[in-house]
Amino acid sequence: ASVTTGVRTVRRERLVGGAPWRFVVNDRPVFLRGANWTPADVLPGTVTPADYARLLGMARDAGINFLRVWGGGVRERAPFWETCDRLGIMAWQEFPLACAFLDHHPRTPAYLAALSGEARSTVRALRNHPSLIAWCGGNEINPQRERQPLNAISNVLVQESAGRPWIPASPSEGDVHQWDVWHGFAPWTALQDQAPPFMSEFGLQALPDAATVAEMFPAGAPPSLDAPPWLARKAQPAKLRHYAGADMDASIGDAIRLTQRVQAAALQAGIEACRIRREGGDTAQRPCGGVAFWQFNEPWRAVSWSVVDRAGRPKAAYEAIRRSYQPLLVAAQFPRRPYTEGDLFEAALWLVSDLPAAQPPCTVEAWLDDRAIWTRAAVDIPAAGAYRLGSVRVPLAALPETFILRLLRAGAVIAENRYDLQVPLPGPQPRASRLLRWLADRLLAA
């Protein structure tokens with residue numbers, strides 16, 4: 001037998017405040033810029049090494065350094081892990097316990113023995129991969145109700161993979177799955193106010209690329225998303241309209257454009273709300289150790305939360321996450337609301353560095369469309385941390401389309417970030433959805 005492996009250390013420590021979400025790799029704290037990974041095809045055995053190389057290369061090019069291999073999917077195959085090893089993408093593998101919201105998995109001796117056997121097979125197959133930084137018990141299960149299955153898995157880990165971090169479930173221990181936005185109809189702008197120590201699921205659906213839609217419907221796509229062929233492809237038209245607005249019904253082209261536009265803004269809001277709270281610098285309270293949006297890829301041609309559709313075509317959100325996941329990020333916090341001429345536009349500006357060493361000074365610029373509104377020269381870039389740059393306050397003489405932030409060195413742009421100021425904004429969360437959220441929280445805690 002021959003294996004390729006690597007030498008590295010990994011441990012999980014507590015952030016300021018106590019939540020265990022600081023990952024330390026080779027003695028250096030690393031912020032997880034992550035995404036959720038689903039099976040690359042509905043028939044996983046058909047996925048080739050070239051498919052993995054293409055998708056994981058796209059993830060690396062988007063600035064993603066971590067993938068959560070979701071417990072509702074599969075134990076990923078060797079080419080996945082080998083490619084992550086080569087590209088330097090970290091991942092955790094979840095065991096096959098998933099979505100027992102109000103129930104629990106079996107506790108019989110026969111089931112626990114089968115689960116232990118499957119866990120042992122998984123661990124032995126994957127434990128030599130340096131990209132595997134943690135094991136997780138499963139997705140959206142109650143660790144208290146699942147004590148016996150989780151103990152069966154953790155006992156195997158003690159025997160077969162001692163020393164690698166163990167996470168009982170996702171979410172647990174301060175991790176959050178934020179689904180008030182989308183499933184609960186909460187405004188996507190609520191994502192910019194999130195402050196958990198780790199957020200491993202959140203997202204919005206968007207239609208796939210126009211070319212992929214054409215492949216889904218060779219005879220022509222039905223003009224209404226309420227049509228059965230669209231519903232069979234997982235479309236949720238009421239939620240899509242709530243977030244993208246009624247204009248999306250004008251045509252399928254408008255539905256593609258608007259749902260992708262809102263998805264991009266929502267993922268940017270959630271990612272940057274976590275990144276500006278990374279430890280170090282000016283983040284004193286409620287620090288964050290990482291974030292993973294739902295979801296990177298998609299196993300079927302469908303309307304989904306993915307940023308890369310099943311045909312391998314990126315949605316608009318792919319470019320948004322590429323900007324938000326730059327190792328050097330200039331970010332802004334500002335009210336998301338309809339602006340009119342004469343309004344005062346105010347934004348707090350942040351510089352986030354994931355680089356382990358200080359960098360040469362740079363210049364930061366802020367623009368509204370083609371109008372420069374703020375400049376600061378000789379900005380120091382310390383080692384990894386989030387640093388407050390200052391604030392922008394400017395009256396709006398006209399309605400801008402885009403708020404642009406640039407980081408320059410010797411006149412060359414080394415990082416740029418953009419905010420869509422005309423993206424559709426949803427109304428408030430319906431009262432019925434708020435009531436369901438309250439009830440669900442109590443049932444899940446029981």
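The values are calculated or read from the model by the stated rules, or taken from the named source; none is laboratory data. All of these numbers come straight from a predicted model, not from anything done at the bench. FYI the Cβ positions are ideal-geometry reconstructions off the backbone, even for glycines, and counts take in every protein chain you see. Please note that ligands, DNA and RNA were not included when accessible areas were found on the heavy atoms of the full protein model with its side chains. Shrake-Rupley method; radii C 1.70, N 1.55, O 1.52, S 1.80 Å.
Computed quantities for the displayed model
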| read-out | value |
| --- | --- |
| Region 216-255, residues that are open to solvent by 40 Å² or more (accessible area, probe 1.4 Å), under 24 Å from Asn36 (Cβ atoms) and touching a residue at least 40 places away in the same chain (Cβ under 8 Å) | Arg233, Lys234, Gln236, His242 |
| Which numbered condition Asp380 fails, given (1) part of a loop (DSSP other than H, G, I, E, B); (2) under 22 Å from Phe31 (Cβ atoms); (3) of a type in the set (D, E, K, R) | (1) |
| Enumeration of residues in region 190-227 that are assigned to a loop (DSSP other than H, G, I, E, B), over 18 Å from the mean Cα position of the chain (by Cα) and either small (Gly, Ala, Ser) or more than 20 Å from Gln260 (Cα to Cα) (or both) | Pro218, Ala219, Gly220, Ala221, Ser224, Ala227 |
| Test for Arg406: is it of a type in the set (Lys, Arg), in contact (Cβ under 8 Å) with a residue 60 or more places away in the chain and either open to solvent by 10 Å² or more (accessible area, probe 1.4 Å) or closer than 19 Å to Ala320 by Cβ (or both) | yes |
| Subset of region 66-92 [open to solvent by less than 20 Å² (accessible area, probe 1.4 Å) and assigned to a loop (DSSP other than H, G, I, E, B)] | Gly71, Glu76, Ile89 |
| Selected residue (criterion: nearest to Glu173 (Cα to Cα)) from residues of region 288-300 that are assigned to a loop (DSSP other than H, G, I, E, B) and at pLDDT 95 or above | Gly289 |
| Criterion: open to solvent by 50 Å² or more (accessible area, probe 1.4 Å), closer than 16 Å to Glu416 by Cβ and at pLDDT 95 or above - qualifying residue of Arg376, Arg323, Arg313 | Arg376 |
| Checklist (1) of a type in the set (A, V, I, L, M); (2) assigned to a helix (DSSP H, G or I); (3) surrounded by fewer than 16 Cβ atoms within 10 Å (Cβ to Cβ) applied to Val16, failing item | (2) |
| Criterion violated by Ser304 - all others in (1) closer than 30 Å to Met216 by Cβ; (2) in contact with a strand residue (DSSP E or B) (Cβ under 6 Å, 6 or more places away or on another chain) satisfied | (2) |
| Options Pro149, Pro130; residue that is of a type outside the set (Ser, Thr, Tyr), at pLDDT 95 or above and part of a loop (DSSP other than H, G, I, E, B) | Pro130 |
| In region 357-373, residue nearest to Val30 (Cα to Cα) [restricted to those that are in contact with a strand residue (DSSP E or B) (Cβ under 8 Å, 6 or more places away or on another chain) and open to solvent by 50 Å² or more (accessible area, probe 1.4 Å)] | Ala358 |
| Close pairs (6 angstrom Cβ cut-off, 6 or more residues apart or separate chains): in contact (Cβ under 8 Å) with a residue 60 or more places away in the chain in region 123-135, among the basic types (Lys, Arg) and open to solvent by less than 20 Å² (accessible area, probe 1.4 Å) anywhere | none |
| Residue among Ile381, Ile414 that alone is open to solvent by less than 60 Å² (accessible area, probe 1.4 Å) and either under 29 Å from the mean Cα position of the chain (by Cα) or more than 16 Å from Pro327 (Cβ to Cβ) (or both) | Ile381 |
| Every pair of residues 6+ apart whose Cβ atoms lie under 6 Å, when the first sits in region 175-192 and is open to solvent by less than 30 Å² (accessible area, probe 1.4 Å) while the second is aromatic (Phe, Trp, Tyr) and part of a strand (DSSP E or B) | Asp175/Phe198 |
